[in-house]
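Structure record follows, encoded as structure tokens.
The values are calculated or read from the model by the stated rules, or taken from the named source; none is laboratory data. Values in this document were obtained by computation on a predicted structure and should not be read as measured data. A quick note on method: Cβ atoms are made from the backbone with ideal geometry, for glycine too, and the neighbour counts reach across all protein chains shown. Areas reflect the complete protein model, heavy atoms only, side chains present, ligands, DNA and RNA absent. Shrake-Rupley method; radii C 1.70, N 1.55, O 1.52, S 1.80 Å.
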Amino acid sequence: MPVNILFSSPGDWAAYETPLREALAQTGLEFDLRTDFPPDRVDYIVYAPNSKVQDFTPYSRLKAVLNLWAGVEDVVTNPTLTAPLARMVDPGLERGMVEWVTGHTLRHHLGMDAHIVNPDHEWSHVAPPLAQDRPVTILGLGALGTACARTLCDLGFPVTGWSRSAKLLYGIACTHGESGLAQALELAQIVILLLPATPDTENTLNAQTLSMLPRGAVVLNPGRGPLIDDAALLDALDSGQIGHATLDTFRTEPLPRDHPYWSHRHVTVTPHIASETRPDSASRVIAENIRRGEAGESLLHLVDRTAGY
Ligand code: NAP
């Protein structure tokens, strides 16, 4: 009997069909991969939260849902999903995030804007400090936060990372829990949010925590919009407490055209392009998880439904 795999990620079939078939063939499994199946015949769903499958009840023999996105906030609370849920940890997604974070960190560290846009041809001969003198903090030390922390550390930045549980990462000052947050923020000249959106992480940056940062600190948010209290961030930008915010994710996407972020001179908006899952590498991750499922092995990257990520 073949393993029946439903691909249910709107608009992605053309990009995934060939690499996913190739990766599944490499496992040696007999499989049937399609975009449509009678629900009671489906073993695995390769899924995106904007899929038309929102009621999992008819999928009576479902063994797992394999999410194509790292963020699972739009599926993790679905009460009809009782099968295991795996999120995406993809080397391609990770590299993209490292490049976005490194690029935007260096933009602010080196003060590049002053030279890229210099209508008055000012000749201000002030060299930027070395990375070693620019403390950076990453909120979230998961797959993406850790990869970014390592690269920034290799570039010479003193990196502090914050997570829910205690961690030990070579070269990175790790803090955790509520008390660790103040410690992580107090020296951070650049703070990068790579937390998942959960009830516990909502408004992690708010009026109180923004005030813990050194004056003029820069905020980068490639994580999720709800991590920031937008009104508090706008106030902090207006007062100079925050020098600049580069935001890739928002509570409402696309960011509404009249949102104050678009016109604020100390805000850069990027349209949720920090990174994305790459079909070749992600297909290998999906295929490996299906192989594990069929071999009775534990799945990779399982979501903790209670923690919400
Ligand atoms: P992950 O591996 O699940 O890591 C999440 C990290 O957040 C972990 O270190 C976790 O702590 C920490 N965390 C969770 N809740 C916390 C809390 N209450 N307090 C302190 N730390 C907490 O996730 P990931 O793969 O790195 O991805 C992170 C997020 O990036 C995704 O959820 C998604 O929202 C976002 N993302 C954005 C884009 C984009 O293009 N903008 C692309 C991909 C992903 P523990 O280590 O202790 O569990």
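Extension gain, Q132 to N203: 0.36 nm times the residue separation minus the Cα-Cα distance gives 22.6 nm. Relative to the dominant Cα principal axis of the chain, helix 230-239 is inclined by about 20°. Taking G296, G111, G171 as the candidate residues, the one with maximal mean-square fluctuation in a Gaussian network model of the chain, Cα springs under 10 Å, is G296. Across W123, W262, W162, the residue with the most accessible area heads the list, and the full order at a 1.4 Å probe is W123, W262, W162.
For region 230-289, the alpha carbon positions stretch 50, 24, 16 Å along the principal axes, listed from largest to smallest. If I take R0 = 45 Å and measure r between the Cβ atoms of S165 and Q54 in this structure, what FRET efficiency does the formula 1/(1 + (r/R0)^6) give, to the nearest 0.05? Calculated transfer efficiency: 0.90.
Which value in Å does the Kirkwood hydrodynamic radius of region 81-207 take, with 1/r averaged over all unlike C-alpha pairs and then inverted? Computed over Cα pairs of region 81-207, the Kirkwood hydrodynamic radius comes out at 16.1 Å.
Estimated at the nearest 10 Å², the accessible area of V136 is 0 Å² with a 1.4 Å probe. Binning the C-alpha pair distances of the chain at 10 Å intervals from 0 yields a P(r) profile of 6, 25, 30, 21, 12, 4, 1, 0 %, listed from the shortest bin outward. Each Cα pair under 8 Å and six or more residues apart adds its sequence gap; the mean of these over the residue count of region 84-150 is a relative contact order of 45 percent. In the context of the full set of protein chains, the chain has a per residue accessible area of 49 Å² (1.4 Å probe). Taking every DSSP helix (H) stretch of at least 4 residues in the chain, weighting each as -39,500 (n - 2.57) and dividing the sum by the residue count yields a mean residue ellipticity at 222 nm of -9500 deg cm²/dmol.
Accessible area of S211 (1.4 Å probe, protein heavy atoms only, ligands and nucleic acids ignored): about 80 Å². Per residue, the convex hull spanned by the Cα atoms of region 32-118 amounts to 141 cubic angstrom. Applying the Karplus relation 6.51 cos²θ - 1.76 cosθ + 1.60 with θ = phi - 60° to region 91-105 yields 3J(HN,Hα) values of x, x, 4, 5, 5, x, 5, 4, 5, 4, 5, 5, x, 6, 5 Hz, where x marks Gly and Pro. Using bins of 5 Å that start at zero, the share of Cα-Cα pairs per bin across region 191-303 amounts to 2, 11, 19, 19, 14, 10, 8, 7, 6, 4, 1, 0, in whole %. Magnitude of the charge dipole for the chain, about its Cα centre and with charges confined to Cβ atoms of Lys, Arg (+1) and Asp, Glu (-1), is about 440 debye. Note on region 1-51: with neighbouring protein chains present and a 1.4 Å probe, carbon and sulfur make up 48 percent of its accessible heavy-atom surface. P(r) tail for region 155-199: Cα pairs beyond 15 Å make up 44% of the total.
Below 8 Å between Cα atoms, with a sequence gap of 6+, how large is the relative contact order for region 171-309 in percent? Once normalised by length, the contact order is 19 percent.
When the chain is treated as a Gaussian network with alpha carbon springs shorter than 10 Å, the biggest mean-square fluctuation among E22, E253, E122 belongs to E122. When the trypsin sites (Lys or Arg not before Pro) in region 263-294 are filtered for DSSP coil states and for at most 12 other beta-carbon atoms within 10 Å of their beta-carbon, the remaining sites are R265.
Axis angle, to the nearest 10 degrees, between helix 143-154 and the longest C-alpha principal axis of the chain: 40 degrees.
Most fluctuating residue of D238, D229, D40 in a GNM of the chain with Cα springs under 10 Å: which is it? Evaluated over the chain, the most mobile residue of the options is D40.
Need one word for region 183-245: rounded, prolate or oblate. Basis is the Cα gyration tensor (sqrt eigenvalues a ≥ b ≥ c); a/c below 1.5 gives rounded, then a/b vs b/c decides. Because a/c hits 1.5 or more and a/b exceeds b/c, region 183-245 counts as prolate. Just the protein heavy atoms count here, and of the accessible area of region 242-309 at 1.4 Å, carbon and sulfur take up 50 percent.
State the dimensionless ratio Rg/Rh of region 1-40 (Rg: radius of gyration of Cα atoms; Rh: Kirkwood radius). Radius of gyration over Kirkwood radius for region 1-40 works out to 0.97. Normalising the average separation of contacting C-alpha pairs (under 8 angstrom, six or more residues apart) by the number of residues puts the relative contact order of the chain at 19 percent. Within the accessible surface of region 103-193, defined with a 1.4 Å probe on protein heavy atoms only, the carbon and sulfur portion equals 59 percent. Between the helical axis of 13-27 and the longest alpha-carbon principal axis of the chain there is an angle of about 60 degrees.
Normalised by 2.2 N^0.38 Å, where N is the number of residues, the C-alpha radius of gyration of region 269-309 stands at 1.56.
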